[in-house]
Amino acid sequence: MSATPSLSGPSGHALPSYLQADQLGPWGIYLQQVDRVIPYLGHLARWAETLKRPKRALIVDVPIELDNGTIAHFEGYRVQHNTSRGPGKGGVRFHQDVTLSEVMALSAWMSVKNAAVNVPYGGAKGGIRVDPKTLSRGELERMTRRYTSEIGIIIGPTKDIPAPDVNTNEQIMAWMMDTYSMNQGATATGVVTGKPIDLGGSLGRREATGRGVFTVGSEAARHIGMDLGQARVAVQGFGNVGSIAAKLFAQAGARVVAVQDHAGTIYQPAGLDLPALLAHAAREGTVMGFQPAETIANDSFWDVDCDILIPAALEQQITAANAGRIKARMVIEGANGPTTPQADDILQERNVLVLPDVIANAGGVTVSYFEWVQDFSSFFWSEDEINARLVRIMKEAFEGIWNVAQQHKVSLRTATFIVACQRILHARELRGLYP
Ligand code: GLU
């Protein structure tokens, strides 16, 4: 297996500095993942360099007036990694650690994810380097609106459609939709997904990512003969993805034994009372302080006795330093990029099945696709219809990927990349080069 990311072009010329900037970070990880699939791409490998460069990347200055009268500047990004199969699509995150190379990687993972579930989109992602907890509601609104206006030159319902991601939500999507629409002079609900229901949002969107995590987790459990009714689950992250996934696993009879969030880690081997924990977290803003769970050190989370581990927070959480300690038989990546390639290899050697982000958390963008279709047709579906279609798409995609993994004797991540990259590069080849 390749150990170093490819950082030079086909003729050996050094790539532009922005592509080399973060060799060990998410973009470097993504490049390694691409290198691993090239041997399986057949004649399409000729086009593989396409996957290693974002089609378009925009850096914007986002100045706002703070409540105290001073002017603050934030750096924002929107990257369109690939649009061969359709418009760009992917979320926007507000986080103090956001960088261009991180957004590049996240946009590339969206290309792979959208192709893996076969929704007609390319991949894109955006972000602002800011800790939104330090802003008032008014400051957050002004920042969101100015950012939307700045990236307005490349987004649009048929060009690139943002959505929620880390620290962004329905209200932020409402402000983005309104700002874009005001600039256009017409209400354009299809410019973002993950909107409030009353503004063209879709039923089931809020729960969709967690539901997708649960769906592929259940399918994989069936394949390896794991009884969900007996399974113990540990979840990192209790936001939109982790909390819903935990709830659905608990409803299926599993015991959720540990939860870690931004404030700390709680542990209860007999199983946490999920409805009560959800109410506690909604009230307190954290799982910490939930009774009768005990508090354990954050690092001890990785040693917890469990069958299923769900990283549903940020990138690069499972590394060479902790992969050897994980007790679970199955890791379901609710977050984007939580496992480093080295950790991937350690887990594979130890026979831990990893359900990769690019299929495991694709439920969110799948229902985003339903929302976009509903907005275009101005005809809205029932929640049952949405959930049934979501489960069907996720199961079919997972089944196809499982078979490719068996056929080539590769990990599910490499199998997902094989399926997705073939779709992307086949579209690339059919379209041809212009001019
Ligand atoms: N931010 C989510 C993701 O990483 C959803 C993106 C979308 O719905 O466009 O998949």
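Residues of region 244-253 that are out of contact with any strand residue (DSSP E or B) (no Cβ under 6 Å at 6 or more places or on another chain) and buried (at least 23 other Cβ atoms within 10 Å of the Cβ): Ile244 alone. Just one of (1) surrounded by fewer than 24 Cβ atoms within 10 Å (Cβ to Cβ); (2) within 16 Å of Pro338 (Cα to Cα); (3) within 13 Å of the ligand (Cβ to nearest atom) fails for Val119. It is (2). For the structure I just gave you, tell me whether Ala220 is away from the ligand (no atom under 16 Å from the Cβ) and touching a Gly at 6+ places or on another chain (Cβ under 9 Å). No: the conditions fail for Ala220. From the list Tyr40, Tyr30, the one residue that fits, being touching a residue at least 24 places away in the same chain (Cβ under 8 Å), out of contact with any Leu (no Cβ under 6 Å at 6 or more places or on another chain) and crowded, with 21+ Cβ neighbours inside 10 Å, is Tyr30.
Summed over region 58-84, the residues that are farther than 18 Å from Arg145 by Cα, touching a Ser or Thr at 6+ places or on another chain (Cβ under 8 Å) and assigned to a loop (DSSP other than H, G, I, E, B) give a count of 1. Pairs are defined by a Cβ separation below 9 Å, a sequence spacing of at least 6 or placement on different chains, a first member in region 161-183 that is within 18 Å of Ala362 (Cβ to Cβ) and open to solvent by 20 Å² or more (accessible area, probe 1.4 Å), and a second member that is in a loop (DSSP other than H, G, I, E, B) and more than 8 Å from the ligand (Cβ to nearest atom); the pairs so defined are Pro164/Val192; Val166/Val98; Val166/Gly239; Val166/Ala313; Val166/Leu314; Val166/Ala335.
If the condition is being open to solvent by less than 10 Å² (accessible area, probe 1.4 Å), within 13 Å of Pro39 (Cα to Cα) and either modelled with pLDDT under 95 or among the β-branched types (Val, Ile, Thr) (or both), then region 403-426 contributes only Ile418. Among the residues of region 305-321, just one is part of a loop (DSSP other than H, G, I, E, B) and open to solvent by less than 10 Å² (accessible area, probe 1.4 Å), namely Cys306.
Can you give me the number of residues within region 366-388 that are under 19 Å from Val216 (Cα atoms) and away from the ligand (no atom under 15 Å from the Cβ)? Final tally of qualifying residues: 4. Could we say that Ala335 is touching a Pro at 6+ places or on another chain (Cβ under 9 Å) and within 16 Å of the ligand (Cβ to nearest atom) here? Yes; evaluated as a whole, the condition is true for this residue.
The values are calculated or read from the model by the stated rules, or taken from the named source; none is laboratory data. All of these numbers come straight from a predicted model, not from anything done at the bench. Counting neighbours? That spans all protein chains shown, and the Cβs are built from the backbone with ideal geometry, glycine included. The protein model used for the area step is the full one, side chains on, heavy atoms only, and it has no ligands, DNA or RNA in it. Shrake-Rupley method; radii C 1.70, N 1.55, O 1.52, S 1.80 Å.
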